[in-house]
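The values are calculated or read from the model by the stated rules, or taken from the named source; none is laboratory data. Keep in mind that what you see is a predicted model, and the values were worked out from it rather than measured. In this analysis, Cβ positions are derived from the backbone assuming ideal geometry, glycine residues included, and neighbour counts consider all displayed protein chains. For the accessible areas, the whole protein counts, side chains as well, though only heavy atoms, and no ligand, DNA or RNA atoms are used. Shrake-Rupley method; radii C 1.70, N 1.55, O 1.52, S 1.80 Å.
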There are 2 protein chains.
Amino acid sequence: MAEKVTITDVAKAAGVSRQTVSNTLNSPEVVREETRKHVLEVIERLGYRANQAAIQMRTGRSRLIAIGIEPDGDGISGSWADRFLHSLSETAAQEGYRILLYTAADDPSEIATYEDLLGAYKPDAFVLTGTHHDDLRASWLLERGLPFVAFGRPWSDLPDARHPWVDVDGAAGTEAATRHLLAAGHRRIGFIGWPPGSGVGDDRREGWARTLRDQDRGQELGGLQRAVEDGIAAGESAARDLLAADPGVTALVCASDSLALGALQAREPARPVAVIGFDDTPAARAVGLSSVHQPLGEAAAACVELLARALESPDAGPPSAHVLLAPTLTIRQSA
Amino acid sequence: MAEKVTITDVAKAAGVSRQTVSNTLNSPEVVREETRKHVLEVIERLGYRANQAAIQMRTGRSRLIAIGIEPDGDGISGSWADRFLHSLSETAAQEGYRILLYTAADDPSEIATYEDLLGAYKPDAFVLTGTHHDDLRASWLLERGLPFVAFGRPWSDLPDARHPWVDVDGAAGTEAATRHLLAAGHRRIGFIGWPPGSGVGDDRREGWARTLRDQDRGQELGGLQRAVEDGIAAGESAARDLLAADPGVTALVCASDSLALGALQAREPARPVAVIGFDDTPAARAVGLSSVHQPLGEAAAACVELLARALESPDAGPPSAHVLLAPTLTIRQSA
DNA sequence: GTGAAAGCGCTAACAA
DNA sequence: TTGTTAGCGCTTTCAC
């Protein structure tokens, strides 16, 4: 097993040439059924595994997918990497790929890492997370025609920013949250989100806004929302402010669980307020906070699938396929 | 950059043989200072990176460290992988290694993955997480003399279970928590943990127990503790039960944040009870739960260091070095 | 201190 | 359909 058995050993044991063994594995259709079966049997018996380094030298393909992992911010909204990585790794393995991990603090250092990786391990593709406006990484990869998929939409609409991506429909999530609250009888529903311009945040706000507009065309949304940096403390003061300014508000939709956790603390005993967060983090589960749940497992699987497809047929048209997944609403005590 | 530049290109550009380039990189002391500098300069200028696959073919070393990632349980106590992986990846990169990810549901399938990996990518070493009694993985690796480090002590005292490991001193953590509570004036301090036999859980209980014994030699600890499976609900009912059974209890130390979160909910307005959890998860931060904080970054760094040292000198004695890190106490509102 | 030759395990071309 | 040859980029002898 650990005592490396090479293709030559298999060939010898099976009484065929090395080539036939290779063909059995890589172009089965070219080998006679009988021979193929026999070779496969010997491979199994000997526990043969093709040496990836040798394959890479010959074919240039490493069957490695590289992904960067960032340090999470406050640790509350940031702990999605876990589930994503697990699923990514699992799906990749099914497709015959392995995941190579790297860290980078910002775009430039991530690009430097690409150069390193490309020179040494030559990953077949990259997975980008946390895409943002003017993403240097995407343009760098695009320029060089390197295969990659982004988890997150390309927020800049550069004409050449066409690449495969997978994302969760944030607007659909906040829309579902808002609809749920409307159905529960709430009429004035506030929104606590991030300052405009962040892509992800704007998207989440939009789902709330369009649902209210849809419900009551004349409704003035300005006073119903607050925009602050992410964080529990910020969420709390924003919620306090909003609730004080509009006594009619009975429910809040938030752009993150951090903000929602803060909103929860802003409530007064005399005035129950329903709160729904976003991300369905462990913290939300812990305190009974309703939250929009992102299908991270599916997202990761979609990333791998897109990549695998692109890698199988490198020539097949513009690789700009994308997948937009719908989040689900997890209802707990808070709403 | 992406246009592969090989050692031959460097040799040509520098006007030396490929050999000299290789030596400059791998045995600098054997190359004349002047030549070395010149070659290094050319390498820099050309952006040369040694092809890892070729190196691996020749030397058998992949500079890859493999680590398994498990799906987390309730997601509260389980989300430490994030921080650990980040640090692992970062430290590894500094030492010239990269992290290869894999998933496995249980010991046997993890072992099957080892065989796969060893056959194909040939990682230089493995990092084991979640070690437990009778760990099949450790014995399998040990048997074959494959380098690995465990994050977690070898809980079985098999005579040959000697391998490098890194762990966090759970007992020291609960001891610190208990001492903190004693210093705050608490006298009857309860403990909510897991059923005996889990290694990690026993260790955490011991820190609490020895501190109380130390404080008050005659104290009967039996009634002050409860053992349940991990989870918020279990923690809540255990705490309720314990508090009802002993009206003198004013503080609780818990073996996990999940249990502590439950204990928090078991409190009655009329009876304030201090609670301290374990793991310092995002959820703890979110609700203001004091908790024992594990230095995961350092732990990961220690793993890499141990591995790197073992890999540099494969012959240097029994590779049974270990590192036991002290956790810290993060105090918040709950205690 | 530097160069030449060999070969790691594999597969793409070609020949049989 | 199967076998033979060559060579991917690197390091490790061993001459020089």
Sorted shortest first, the nm distances from the A:Ala184 label point (7 Å along Cα→Cβ) to its counterparts in the other copies are 3.2
Could you state the angle between the C-alpha long axis of helix B:107-120 and the longest principal axis of the C-alpha atoms of chain B, as a value from 0 to 90 degrees rounded to the nearest 10? 10 degrees
Averaged per residue, what accessible area in Å² does chain B show with a 1.4 Å probe, protein chains only? 43 Å²
Average beta carbon contacts from partner chains per residue of A:285-291, 10 Å cutoff: 5
Looking at chain A, which longest stretch skips every one of the GluC sites (Glu not before Pro) that is in a DSSP loop with at most 13 other Cβ atoms within 10 Å, leaving the sites themselves out? A:4-219
Put the label 7 Å from Cα along Cα→Cβ for A:Ser320; what are its distances to the other copies, in nanometres, shortest first? 6.3
Let me have the 222 nm mean residue ellipticity of the protein assembly as shown computed from DSSP H runs of 4+ only, each contributing -39500 (n - 2.57), with the sum over all residues rounded to the nearest 500. -14000 deg cm²/dmol
With a Förster radius of 60 Å, plug the Cβ-Cβ distance of B:Ala184 and A:Ala105 into 1/(1 + (r/R0)^6) and report the FRET value to the nearest 0.05. 0.95
GNM result for chain A, Cα springs below 10 Å: residue of A:Thr211, A:Thr59, A:Thr20 fluctuating most strongly: A:Thr20
Assigned charges on the beta-carbon of Lys, Arg, Asp, Glu; the protein assembly as shown dipole about Cα centre (debye): 380 debye
Please give, to one decimal in nm, the separation of the simple spin-label points placed at B:Lys37 and A:Ser313, each 7 Å out from Cα toward the Cβ. 5.7 nm
Filtered chymotrypsin sites (Phe, Trp or Tyr not before Pro), the range A:100-182: DSSP coil and at most 14 other beta carbons within 10 Å: none
Label-point separation in nm, A:Leu324 to B:Leu46, each point 7 Å along Cα→Cβ: 4.8 nm
Anyone know which of A:Ser313, A:Ser258, A:Ser87 comes out most mobile in the 10 Å Cα GNM of chain A? A:Ser313
Just the number, please: carbon plus sulfur as a percent of the accessible area of the range B:89-242, 1.4 Å probe, no ligands or DNA/RNA counted. 50 percent
Under 16 Å from the Cα of A:Lys37, which lysines turn up, not counting those fewer than eight places away in the same chain? A:Lys12
Accessible surface buried once B binds A (1.4 Å probe; total of both sides; Å²): 4500 Å²
Inter-copy distances for A:Glu229, label 7 Å out on the Cα-Cβ vector, sorted ascending, nm, one decimal, are 4.3
